[in-house]
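Undergrad: If you scroll down you'll find the structure; I have some questions about it.
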There are 2 protein chains.
Amino acid sequence: MGKEVERAKIALQKALENRAVVMVSSGDPGVYGMAGIVLEVVANEKANIPVEIIPGVTAATAAASILGAPLVSDFAVISLSDLLTPWEKIEKRLEAASSADFSIVLYNPKSEGRIEPLIKAYEIMLKYIKPQTPVGVVRQAGREGEQVTVTTLKDLLNANIDMVTTIVVGNSATKIVNGKMITARGYDLSQSLL
Amino acid sequence: MGKEVERAKIALQKALENRAVVMVSSGDPGVYGMAGIVLEVVANEKANIPVEIIPGVTAATAAASILGAPLVSDFAVISLSDLLTPWEKIEKRLEAASSADFSIVLYNPKSEGRIEPLIKAYEIMLKYIKPQTPVGVVRQAGREGEQVTVTTLKDLLNANIDMVTTIVVGNSATKIVNGKMITARGYDLSQSLL
């Protein structure tokens with residue numbers, strides 16, 4: 001964290017020395033990952049180096065697969081880190097996503113160890129989203145030490161949340177069934193084949 | 001399309017016959033895929049069958065990796081199909097995402113072959129988003145027959161768009177560099193290592 005530009009420049013330097021270079025990013029490099037900064041650095045240095053981005057499984061869908069199916073309808077992905085994005089813009093996005101009934105995925109819920117952004121996000125979401133709405137909290141999604149909590153928006157702040165946690169807030173159609181979050185899409189299940 | 005409940009029920013039936021069943025979904029089954037309906041059908045039939053969801057690369061991030069790095073900041077994913085979601089809700093989400101400067105990914109831009117939802121979405125986005133904003137149009141992302149167009153929001157409707165097309169609309173920080181869409185995150189590139 002904070003060394004992204006340096007990492008991209010070192011990678012480019014090696015590539016300019018005619019090496020085949022791989023930049024490894026956790027999750028999907030195109031979602032809050034290194035893809036953008038690598039392309040920016042290459043362009044900025046006017047280097048004639050081809051860059052291929054290999055997509056991966058991002059924390060949002062990794063967490064969703066563990067929680068059930070909370071993201072099978074429209075969703076918004078928001079990082080609570082205000083290191084690069086002004087807080088006012090993050091707040092506006094939280095308002096927009098909450099008021100339009102998106103499922104919401106929060107990345108970096110405790111950026112730089114600070115809890116204030118999460119508390120503010122919690123308050124904004126509660127202005128629009130019912131307190132009983134299911135929320136999934138996944139630490140280290142798909143990695144060693146994975147921890148999963150299914151709770152409600154109201155009780156979100158009682159969950160164990162840190163920098164490697166992904167939070168998935170359901171929409172108005174999300175329910176808990178057999179411990180899994182499912183965002184109902186409105187299929188008619190009545191036609192019985194069984 | 002339209003046979004999702006039936007597919008899920010057949011899969012469950014086979015599982016109840018003690019078979020190990022795999023339901024294959026294109027992209028990520030948790031994003032507009034079969035994950036939700038399978039869990040719903042299993043719960044609805046009160047079947048004691050464990051279901052594991054394996055996440056994959058969804059069209060949004062597959063398309064993003066081909067286009068460059070348009071989704072490295074906050075983004076919203078919206079399907080334009082009003083088969084299961086009322087159009088008013090889709091419209092509200094388009095308004096919210098556009099007005100809050102999210103990058104926007106549109107799935108099912110021509111659902112059931114209809115062009116009207118896309119035209120309405122286009123008009124809503126243009127109320128808030130600058131006409132020169134970069135837009136990527138990817139058909140068959142990562143598959144045989146892949147086609148990529150990088151254009152602007154203003155010219156979106158001139159692109160070749162069908163049901164297997166994913167549209168990625170940049171945010172106010174998205175630019176085109178060397179033909180790639182990059183959403184700048186605000187890194188300081190000036191510290192020169194090279």
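The values are calculated or read from the model by the stated rules, or taken from the named source; none is laboratory data. Since we're looking at a predicted model, the values are computed, not measured. Glycine also receives a Cβ, built like all others from the backbone with ideal geometry; neighbour counts cover every protein chain displayed. Side chains are part of the model used for accessible areas, which takes the heavy atoms of the whole protein and leaves out ligands, DNA and RNA. Shrake-Rupley method; radii C 1.70, N 1.55, O 1.52, S 1.80 Å.
Undergrad: Taking segment A:1-12 as the search range and keeping residues that are assigned to a helix (DSSP H, G or I) and either of a type in the set (S, T, Y) or open to solvent by 60 Å² or more (accessible area, probe 1.4 Å) (or both), which one is farthest from the other protein chains (Cβ to nearest Cβ)? Spell out how you get there, then give the answer.
TA: The first filter runs over segment A:1-12 and keeps only residues assigned to a helix (DSSP H, G or I), leaving A:4-12.
Adding the requirement that they be either of a type in the set (S, T, Y) or open to solvent by 60 Å² or more (accessible area, probe 1.4 Å) (or both) leaves A:6-7, A:10.
Working: A:E6: 6, A:R7: 10, A:I10: 7 Å.
Ranking the qualifying residues of segment A:1-12, first place goes to A:R7.
Undergrad: Out of all the residues in segment A:101-156, which are among the small types (G, A, S), in contact (Cβ under 8 Å) with a residue 12 or more places away in the chain and part of a loop (DSSP other than H, G, I, E, B)? Can you show your working first?
TA: Step one: filter segment A:101-156 for residues among the small types (G, A, S), giving A:103, A:111, A:113, A:121, A:136, A:141-142, A:145.
Keeping just the survivors that are in contact (Cβ under 8 Å) with a residue 12 or more places away in the chain gives A:103, A:111, A:113, A:121, A:136, A:141-142.
Passing the criteria: A:A141, A:G142.
Undergrad: Kindly evaluate A:D188 against the criterion of being open to solvent by less than 70 Å² (accessible area, probe 1.4 Å) and free of Cβ contacts under 8 Å to residues at least 60 places away in the same chain. Let's see the steps before the verdict.
TA: Working: open to solvent by less than 70 Å² (accessible area, probe 1.4 Å): no; free of Cβ contacts under 8 Å to residues at least 60 places away in the same chain: yes.
Taking the combined requirement at face value, the residue does not satisfy it.
Undergrad: Further, regarding this structure: Within segment B:24-42, track down each residue that is under 12 Å from B:K9 (Cα atoms) and either acidic (D, E) or surrounded by fewer than 19 Cβ atoms within 10 Å (Cβ to Cβ) (or both).
TA: So the first thing to find is which residues in segment B:24-42 are under 12 Å from B:K9 (Cα atoms), and the list is B:34, B:37-42.
Scanning segment B:24-42 gives a single hit, B:E40.
Undergrad: Could you check A:I182 against (1) crowded, with 16+ Cβ neighbours inside 10 Å; (2) more than 16 Å from the chain's Cα centre (by Cα); (3) part of a loop (DSSP other than H, G, I, E, B) and say which number it fails?
TA: Single failed check for A:I182: (3).
Undergrad: Consider segment A:141-170. How many of its residues are loosely packed, with under 14 Cβ neighbours inside 10 Å and within 21 Å of A:K127 (Cα to Cα)?
TA: Qualifying residue count for the region: 3.
Undergrad: Can you tell me which residue in segment B:90-110 is nearest to B:V138 (Cα to Cα), limited to those that are of a type in the set (S, T, N, Q) and either open to solvent by 10 Å² or more (accessible area, probe 1.4 Å) or facing chain A (nearest Cβ under 8 Å) (or both)? Spell out how you get there, then give the answer.
TA: Looking only at segment B:90-110, we keep the residues that are of a type in the set (S, T, N, Q), and these are B:98-99, B:103, B:108.
Then keep just the ones that are either open to solvent by 10 Å² or more (accessible area, probe 1.4 Å) or facing chain A (nearest Cβ under 8 Å) (or both); that gives B:99, B:108.
Details: B:S99: 24, B:N108: 12 Å.
The selected residue is B:N108.
Undergrad: Of (1) within 7 Å of chain A (Cβ to nearest Cβ); (2) open to solvent by 20 Å² or more (accessible area, probe 1.4 Å), B:G113 satisfies all except one. Which?
TA: (1)
Undergrad: Quick test for you: out of A:K130, A:K180, pick the one residue that is charged (D, E, K, R) and within 12 Å of chain B (Cβ to nearest Cβ).
TA: Details: A:K130 fails: within 12 Å of chain B (Cβ to nearest Cβ).
Answer to the check: A:K180.
Undergrad: Among the residues of segment A:45-89, write down those that are outside any loop (DSSP other than H, G, I, E, B), closer than 23 Å to A:N171 by Cβ and more than 7 Å from chain B (Cβ to nearest Cβ).
TA: First, pick out the residues of segment A:45-89 that are outside any loop (DSSP other than H, G, I, E, B): A:59-69, A:75-79, A:87-89.
After this cut, where a residue has to be closer than 23 Å to A:N171 by Cβ as well, the list is A:59-69, A:75-79, A:89.
Within segment A:45-89, A:A59, A:A60, A:A63, A:I66, A:L67 meet the criteria.
Undergrad: For A:A173, are the conditions met, namely being within 10 Å of chain B (Cβ to nearest Cβ), touching a Ser or Thr at 6+ places or on another chain (Cβ under 7 Å) and either without any contact (Cβ under 8 Å) to a residue 60 or more places away in the chain or within 18 Å of A:S79 (Cβ to Cβ) (or both)?
TA: Numbers: within 10 Å of chain B (Cβ to nearest Cβ): yes; touching a Ser or Thr at 6+ places or on another chain (Cβ under 7 Å): yes; either without any contact (Cβ under 8 Å) to a residue 60 or more places away in the chain or within 18 Å of A:S79 (Cβ to Cβ) (or both): no.
So A:A173 does not fit the description; no.
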